[in-house]
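Below is one structure; the comments refer to it alone.
The values are calculated or read from the model by the stated rules, or taken from the named source; none is laboratory data. These numbers were taken from a predicted model, which means no experiment stands behind them. Virtual Cβ from ideal backbone geometry, glycine too; neighbours counted across all protein chains shown.
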Amino acid sequence: MQLILHEYNLKLKHTFTISRESIDFQPSLIVELRSEGYSGFGEATSNPYYHITVPMMRDRLEGLRPFIENIKDQSPDEVWDSISPFLSSNMFALCALDMAYNDLYARKKGKKLHELWDFSTHNNPLTDYTIGIASIEKMVAKMKELPWPIYKIKLGTQEDIEIVTELRKHTDAVFRIDANCGWGVEETISNSVALKKLGVEFLEQPMKADNWEAHKEVYKHSALPIIADESCIIQSDVAKCHNHFHGVNVKLVKCGGLTPGKRMLEEAKKLGLKTMVGCMTESTVGISAIAHLLPLLDYVDMDGALLLDKDIATGVTITYGKIDYPDGNGTGVTLL
């Protein structure tokens with residue numbers, strides 16, 4: 001098997017701002033695995049919050065090149081279990097590798113990845129579309145630019161309720177709120193009451209990730225469901241989130257790929273937690289991988305490629321929130 005690494009700097013349509021950063025470009029690493037005339041693709045992007053850069057990911061994978069290129073026809077679970085101890089310090093790199101191997105494995109089997117997992121895609125959830133923090137006027141303009149059935153609104157400002165109140169005047173769409181750890185306990189509980197009246201469906205990670213006492217307090221008193229994101233990174237976090245959150249948002253780059261992501265979602269469902277997968281600002285490579293987990297999800301946030309000025313791949317397509325799979329096997333990705 002051959003390991004090929006592709007580096008990109010993805011340009012965004014608009015400056016994207018959340019409570020802790022703003023970006024215009026998103027560095028991304030694409031992992032390609034070639035074997036027997038097939039190629040599988042995976043992606044992970046840089047992330048300052050988790051101290052991950054593309055050179056760091058590239059160097060970690062290059063250091064494991066002999067091991068990776070010696071992988072035979074093992075299952076994705078076997079490969080992940082064997083290689084994850086060597087990449088535990090860089091789950092983003094592990095994610096890109098795991099995505100690529102899942103894609104390659106399914107292509108060799110002549111099936112789409114969700115077919116290999118024996119999933120039915122008839123009741124897939126719709127994806128939301130994210131409105132990053134900006135002036136209220138710019139946020140309204142971004143929303144009007146792309147009419148959508150569900151919007152995920154980034155908050156964590158001094159005028160959060162005013163923002164949502166104004167946005168609500170312009171659409172009947174479902175709203176989801178992501179404060180990216182920007183609120184405190186009283187603020188979250190108070191905001192939950194006001195935001196419920198404004199047609200908000202749930203709140204995502206309103207408080208700092210490790211403040212478990214605060215999460216428990218908000219879980220008891222919030223008027224809206226609370227979904228964990230930064231508090232739910234790896235599989236052992238799922239059980240910790242039980243009785244502290246109403247659901248979990250699994251990010252594939254954080255947990256190390258499709259293989260552990262699928263395990264986390266299945267565990268969450270057993271615990272009665274709502275299930276969600278979220279994306280980073282990434283290309284259709286990463287987004288297409290997420291699409292094959294849709295049958296396990298209550299909610300999904302996979303709009304990352306829609307935020308790009310120019311994509312680097314083809315794969316799944318998204319129309320008014322609905323995801324359509326391409327004809328190809330695996331995750332269906334082709335690099336442009």
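Quick rundown of the values:
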item: Matching residues, the stretch 233-260, being in contact with a Lys or Arg (Cβ under 8 Å, 6 or more places away or on another chain) and assigned to a loop (DSSP other than H, G, I, E, B); result: Ile233, Ile234, Asn243, His244, His246
item: Hits in the stretch 36-53 (condition: closer than 20 Å to Gly110 by Cβ and out of contact with any helix residue (DSSP H, G or I) (no Cβ under 6 Å at 6 or more places or on another chain)); result: Glu36, Gly37, Ser39
item: Which numbered condition Gly332 fails, given (1) in contact with a Pro (Cβ under 8 Å, 6 or more places away or on another chain); (2) in a helix (DSSP H, G or I); result: (2)
item: Hits in the stretch 282-336 - residues which are surrounded by 24 or more Cβ atoms within 10 Å (Cβ to Cβ), among the polar types (S, T, N, Q) and farther than 23 Å from Ala268 by Cβ; result: Ser283, Thr284
item: Selection from the stretch 283-329 of residues that are among the aliphatic types (A, V, I, L, M) and either without any contact (Cβ under 8 Å) to a residue 12 or more places away in the chain or not in a helix (DSSP H, G or I) (or both); result: Leu293, Leu297, Val300, Met302, Leu308, Ile312, Ala313, Val316, Ile318, Ile323
item: The stretch 1-36: number of residues that are surrounded by 15 or more Cβ atoms within 10 Å (Cβ to Cβ), among the charged types (D, E, K, R) and farther than 19 Å from Gly330 by Cα; result: 0
item: Search result, residues across the stretch 30-56 that are in contact with a Phe, Trp or Tyr (Cβ under 9 Å, 6 or more places away or on another chain), polar (S, T, N, Q) and assigned to a strand (DSSP E or B); result: Thr45, Asn47
item: Single residue of the stretch 144-173 satisfying the filter (β-branched (Val, Ile, Thr) and surrounded by fewer than 18 Cβ atoms within 10 Å (Cβ to Cβ)) that is nearest to Ser192 (Cα to Cα); result: Ile161
item: Flag if Leu265 is in a loop (DSSP other than H, G, I, E, B), outside the structural domain of Asn47 (by TED's automatic domain parsing), more than 15 Å from Lys154 (Cα to Cα) and of a type in the set (A, V, I, L, M); result: no
item: Out of Ala106, Ala134, Ala100, Ala141, sole residue that is exposed (fewer than 15 other Cβ atoms within 10 Å of the Cβ) and among the aliphatic types (A, V, I, L, M); result: Ala141
item: Qualifying helices (runs of 4 or more DSSP H) (wholly inside the stretch 127-232; at least 1 residues being under 20 Å from the mean Cα position of the chain (by Cα)); result: none
item: Single unsatisfied condition, Trp80 versus (1) in contact with a Ser or Thr (Cβ under 7 Å, 6 or more places away or on another chain); (2) modelled with pLDDT under 95; result: (2)
item: Per-region count, the stretch 9-38, residues within 19 Å of the chain's Cα centre (by Cα) and either aromatic (Phe, Trp, Tyr) or not assigned by TED's automatic domain parsing to the domain that holds Asn102 (or both); result: 2
item: Residue check, Ile18 at pLDDT below 95 and β-branched (Val, Ile, Thr); result: yes
item: Selection count where residues are more than 19 Å from the chain's Cα centre (by Cα) and under 17 Å from Asn329 (Cα atoms), scope the stretch 74-113; result: 11
item: Residue check for Lys169: over 26 Å from Glu21 (Cβ atoms) and of a type outside the set (Val, Ile, Thr); result: yes
